[in-house]
């Protein structure tokens, strides 16, 4: 009997490890959520930054670091193992609170967010890939929905809690204490409890694909997921635009609301509503995409995000309207976020999953860079509302791109499978 003979694929069969990874990903999200409602305000008030582009520089640094780390993680996952990369991601997160605590200049905050981006690129990437490994092909959308729901639930809870506590205590103290606790607890859980999923990958590859197939090199994976293969190309650009929206919500919306007189508590509420709806919604949308296919949810979600941003641009900073737009933006993102990774996974074999998902996540998280630069530059030149409106237009265009470029769902195959072209691996 080989080691893989005792390995079973499925959510129920691997429930303890699956739930552990769900909890770990909630901690990953919380590390980012701690900054959501306060860090842009700290830049303006504690460090005297007047330029919106300068304030949003921490998001640009975070996005570059996370995007490049995603790419590296995808290439290294088979060589070094998923679990080792997850542990490395949490080890890198431990110094982040200390850097924020002692930062004498904004450059230190930017440096801390470079480390945070590396943490997110390693830890989130590995929890995503490991859950897909555990459940196999038939429950992929549900697994991703639960993963992303946990992550963005962590973002939402941390954003609301940080905004509330910042009204009572020094914002930097809140970030430091909470960040240190989360990073250490998640590191211990990853070291002591998480198991690697390499055997699950081997089982799925042997049962459903060519067992002799080898992981593609990054020289093949990068063009495949960027322009060569329509399903991957469509998803990569949609992921980039989706995170462009997230950069705007993270860095510009708090400043937009503050400029119209909103208090820290109200800003924290709006900052938390968006990822809360996003997080909870993904529990349902991931499973829904297993039943109806990926394309309808992605297109509808991008267009709903565009409507939400247009409403925000026209709100004149009214908190009630901003809250409504945050709910709509979260709902649109919930339709898109887990579905994009599921669509990527549908189109590739298990051994190609880590590098292809790594390339997709590279482009998706470059959206933080694009969002920080576009939103900050336009807001400095034209004001908040035009910057938000321009991003709304880009989001609508991205949804139309998916409508034309993403292949139809193949209803003769397994749930969620894409109708393939000769250039795309058939995963049925």
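Put simply, of 166, 156, 150, 123 the only residue that is buried (at least 23 other Cβ atoms within 10 Å of the Cβ), on the phi < 0 side of the Ramachandran plot, touching a residue at least 40 places away in the same chain (Cβ under 8 Å) and more than 12 Å from the chain's Cα centre (by Cα) is 156.
No other residue among 21, 39 is modelled with pLDDT of 85 or more, surrounded by 18 or more Cβ atoms within 10 Å (Cβ to Cβ), under 28 Å from residue 95 (Cβ atoms) and within 20 Å of the chain's Cα centre (by Cα) apart from 21. Against the conditions (1) over 21 Å from residue 36 (Cα atoms); (2) crowded, with 24+ Cβ neighbours inside 10 Å, where does residue 136 fall short? Just the number, please. (2) is the only condition that residue 136 fails.
Look at (1) at pLDDT 90 or above; (2) closer than 16 Å to residue 246 by Cα; (3) over 20 Å from the mean Cα position of the chain (by Cα) and you find that residue 315 fails only one, number (2). Filtering the range 281-300 for residues that are surrounded by 22 or more Cβ atoms within 10 Å (Cβ to Cβ), assigned to a loop (DSSP other than H, G, I, E, B) and in contact with a helix residue (DSSP H, G or I) (Cβ under 6 Å, 6 or more places away or on another chain) leaves a non-empty set.
Just one residue in the set 70, 113 is crowded, with 22+ Cβ neighbours inside 10 Å and within 12 Å of the chain's Cα centre (by Cα); that residue is 70.
On the basis of being modelled with pLDDT of 95 or more and buried (at least 22 other Cβ atoms within 10 Å of the Cβ), does residue 186 make the cut?
Numbers: modelled with pLDDT of 95 or more: yes; buried (at least 22 other Cβ atoms within 10 Å of the Cβ): yes.
Spelling it out, residue 186 is indeed modelled with pLDDT of 95 or more and buried (at least 22 other Cβ atoms within 10 Å of the Cβ).
Annotation for the range 46-54: at least one member residue is part of a helix (DSSP H, G or I) and surrounded by fewer than 24 Cβ atoms within 10 Å (Cβ to Cβ).
So, residue 315, is that one without any contact (Cβ under 8 Å) to a residue 24 or more places away in the chain, in a loop (DSSP other than H, G, I, E, B) and within 18 Å of residue 260 (Cβ to Cβ) or not?
Numbers: without any contact (Cβ under 8 Å) to a residue 24 or more places away in the chain: yes; in a loop (DSSP other than H, G, I, E, B): yes; within 18 Å of residue 260 (Cβ to Cβ): yes.
The answer is yes for residue 315.
Residue 267 falls short on exactly one of the conditions (1) closer than 28 Å to residue 353 by Cα; (2) buried (at least 22 other Cβ atoms within 10 Å of the Cβ); (3) over 20 Å from the mean Cα position of the chain (by Cα), and that condition is (1). Inside the range 55-98, can you point out the residues that are within 21 Å of residue 29 (Cβ to Cβ) and part of a loop (DSSP other than H, G, I, E, B)? Residues satisfying the conditions are 56, 94. Comparison of 275, 254, 231 shows that the only residue that is assigned to a helix (DSSP H, G or I) and in contact with a strand residue (DSSP E or B) (Cβ under 9 Å, 6 or more places away or on another chain) is 231.
The values are calculated or read from the model by the stated rules, or taken from the named source; none is laboratory data. Bear in mind the structure is a predicted one, so any value in this text is a computation, not a measurement. For neighbour counting, all protein chains shown are included, and Cβ atoms are generated from backbone atoms with ideal geometry for every residue, glycine included.
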